[in-house]
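Right, one structure below, let's go through it.
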Amino acid sequence: SDNDKFAAKGVLHVGLKPPGEGERHVFMSHTQADTDRAEENIGDRRKQIKDVANFIEYCLGEESPFSQEVFFMGDLNIVGHGDENADAHPPGPDPEWTQLFAKPGAPMYTQLVDRWGRDQCPGGNSGRTDPGFTADAVYPPFRQRLDYVFSSAASQLALQHLRIDRALADPNGAVPYLSDHLPLRADFHQRLPYC
């Protein structure tokens, strides 16, 4: 709908088999954008996220919780916030982020974890409050977190770092980044004591 009505939206799936490790599944997508206000196309994105969740289950051949390592990332055009932080999303009792990712019955609630909003910077009293803004908008909120890295809820990997890669976005001022969003970088590692 709106500005995206002629865009062919889809999901890319890549299966990786690192030596000596189990298979890893990476999914990427770019969902419906808003044009004039946050959450105006929530119905389109709700259908797209449900389709992504079903496609992931289809590709893995299992329902959640997954026994395999799964990653889902992309520009989802959903204004993100932390589990405990109500300041960085549009007003209202049930924001889109919560409806799609953070409450029982949501399409990805038992499958995948939004690593920024639930691990990296959940807000509240956690002391980890970086909102992770990756894009500017022409409507409120004017700074938004729209880009995501998810991994399976039962992942055996530890998220070491998740950050906005500002060096990639502006490598020494030599080449402007090729997107209107800032890139995310995530480093996962095997679980070890204290990591």
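No lab work stands behind these numbers, since they all come straight from the coordinates. Quick caveat, the model's predicted, so the values are computed rather than measured. Positions of Cβ are backbone-derived with ideal geometry, glycine not excepted, and every protein chain shown enters the neighbour counts.
Kindly work out what percent of the DSSP beta bridges joining two residues of the chain are antiparallel, to the nearest 5.
Looking only at bridges with both residues in the chain, the antiparallel portion is about 75 percent.
Output wanted: per-residue J couplings in Hz (rounded whole) for region 123-140, from phi through Karplus 6.51 cos²θ - 1.76 cosθ + 1.60, θ = phi - 60°, x for Gly and Pro.
x, x, 8, 6, x, 10, 10, 4, x, x, 4, 10, 8, 9, 10, 9, 9, x
Which distance in nm do the two modelled labels at residue 28 and residue 138 give, with both placed 7 Å along the Cα-to-Cβ direction?
Placing both labels 7 Å along Cα→Cβ, they lie 2.7 nm apart.
When the scattering of region 107-195 is computed by the Debye formula from its Cα atoms alone, each counted once and equally, what is log10 I(q)/I(0) at q = 0.12, 0.16, 0.20, 0.22 Å⁻¹?
These q points yield log10 I(q)/I(0) values of -0.45, -0.77, -1.08, -1.20.
How big is the shadow of the Cα convex hull of the chain, averaged over all directions, in nm²?
For the chain, averaging the hull's shadow over all directions gives 12.6 nm².
Using the Karplus curve 6.51 cos²θ - 1.76 cosθ + 1.60 with θ = phi - 60°, what ³J(HN,Hα) values do you get for each residue of region 62-74, in whole Hz, with x for Gly and Pro?
These are the phi-based 3J(HN,Hα) values: 8, 8, 6, x, 7, 8, 9, 6, 10, 10, 9, 8, x Hz.
Residue by residue through region 16-26, which ³J(HN,Hα) values in whole Hz follow from phi under the Karplus form 6.51 cos²θ - 1.76 cosθ + 1.60 (θ = phi - 60°), with glycine and proline marked x?
Rounded to whole hertz, the list is 10, 10, x, x, x, 10, x, 5, 10, 10, 10.
Summing +1 for each Lys or Arg and -1 for each Asp or Glu, what net charge is found among the other residues whose Cβ lies under 9 Å from the Cβ of residue 2?
Neighbourhood net charge equals -4.
Taking all pairs of distinct Cα atoms, average 1/r, flip it, and tell me the Kirkwood hydrodynamic radius of region 114-157 in Å to one decimal place.
About 11.8 Å for region 114-157.
Tell me, what is the percent relative contact order of region 1-158, built from C-alpha pairs under 8 Å that lie six or more residues apart? Intermediate results must be reported in sequence, preceding the final value.
On the way: 282 pairs, mean separation 38.3, N = 158.
Relative contact order, region 1-158: 24 percent.
When the chain is modelled as a GNM with alpha-carbon springs shorter than 10 Å, which of 16, 146, 60 fluctuates the most?
Top of the fluctuation ranking is 16.
If you average 1/r across every pair of different Cα atoms in region 1-85 and take the reciprocal, what Kirkwood value do you get, in Å?
14.5
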